[in-house]
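Asker: Got a structure for you, questions after.
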Amino acid sequence: MNENTLASVTWKLQALSEELNHVRQSLLNHDAAAPSGSAQAIETPAELGALLNDRRKQLGIDLAMLELQTGVSVSTLKRLFKDPEQVKFGTVLNVARALGVKLCTAV
């Protein structure tokens, strides 16, 4: 890669990083304003995958953007959204956090 190309890629990655930080901050602000009764019970891993995928779509984040944000490959994201049992739990947590979905417990 020549210097001009490298500078262009670096600039684009910085701009993308700033945009992702803006989206993350918007998610945090939205979560803080959300009513406390907005919790949703998840009964199966497939429901969790669907919930995460729906959230991604609501936010207008495509798979390539989520891959850049999380470091999780598109193929793994697809598997996660279809059946989270196919990926490491840490990956599920990472993607959930990036999408502003909090996993919590209730007794």
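Asker: Please state which one of Leu80, Leu66, Leu27 is aliphatic (A, V, I, L, M), surrounded by 14 or more Cβ atoms within 10 Å (Cβ to Cβ) and at pLDDT below 85. Let's see the steps before the verdict.
Answerer: Values: Leu80 fails: at pLDDT below 85; Leu66 fails: at pLDDT below 85.
None of the others qualify; the one that does is Leu27.
Residues are listed down the side, and each one gets a yes or a no for (1) under 15 Å from Glu47 (Cβ atoms); (2) polar (S, T, N, Q):
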| residue | (1), (2) |
| --- | --- |
| Leu66 | no, no |
| Gly71 | no, no |
| Val74 | no, no |
| Arg79 | no, no |
| Thr91 | no, yes |
| Asn94 | no, yes |
| Arg97 | no, no |
| Val101 | yes, no |
| Thr105 | no, yes |
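Asker: Hey, another quick one. Could you grab the pairs with beta carbons closer than 8 Å, sequence gap of 6+ or different chains, first residue in the stretch 58-71 and assigned to a loop (DSSP other than H, G, I, E, B), second one at pLDDT 90 or above?
Answerer: As it stands, the answer is Ile61/Gln69; Ile61/Leu99; Gly71/Asn94, since those pairs meet every condition given.
Asker: A further question on this structure: Within the stretch 37-57, restricting attention to residues that are of a type outside the set (D, E, K, R) and more than 13 Å from Pro84 (Cα to Cα), which residue is modelled with the highest pLDDT? Step through it out loud before you land on a result.
Answerer: Narrowing the stretch 37-57 to residues of a type outside the set (D, E, K, R): 37-42, 44-46, 48-53.
Going one step further and asking which of them are more than 13 Å from Pro84 (Cα to Cα), we end up with 37-41.
Details: Gly37: 48, Ser38: 61, Ala39: 71, Gln40: 75, Ala41: 82.
Filtering first and then ranking leaves Ala41.
Asker: Restricting the stretch 75-91 to residues that are part of a helix (DSSP H, G or I), of a type outside the set (Lys, Arg) and closer than 12 Å to Ala50 by Cα, which is farthest from the chain's Cα centre (by Cα)?
Answerer: Residues of the stretch 75-91 that are part of a helix (DSSP H, G or I), as a first pass: 75-82, 84-86, 89-91.
From the residues that got through so far, the ones that are of a type outside the set (Lys, Arg) too are 75-77, 80-81, 84-86, 89-91.
With the extra rule that they be closer than 12 Å to Ala50 by Cα, the set shrinks to 77, 80-81, 84.
Details: Leu77: 9, Leu80: 11, Phe81: 11, Pro84: 14 Å.
For the stretch 75-91, the residue satisfying everything is Pro84.
Asker: Is one or more of the residues making up the stretch 48-57 surrounded by 12 or more Cβ atoms within 10 Å (Cβ to Cβ), touching a residue at least 60 places away in the same chain (Cβ under 8 Å) and assigned to a helix (DSSP H, G or I)?
Answerer: no
Asker: Oh, and also: Of the conditions (1) modelled with pLDDT of 90 or more; (2) of a type outside the set (Phe, Trp, Tyr); (3) surrounded by 10 or more Cβ atoms within 10 Å (Cβ to Cβ), Gly60 clears all except one; give me its number.
Answerer: (3)
The values are calculated or read from the model by the stated rules, or taken from the named source; none is laboratory data. Given the structure is predicted, the values throughout are model-derived calculations rather than measurements. Cβ coordinates were reconstructed from backbone atoms using ideal geometry, including for glycine residues, and neighbour counts include every protein chain displayed.
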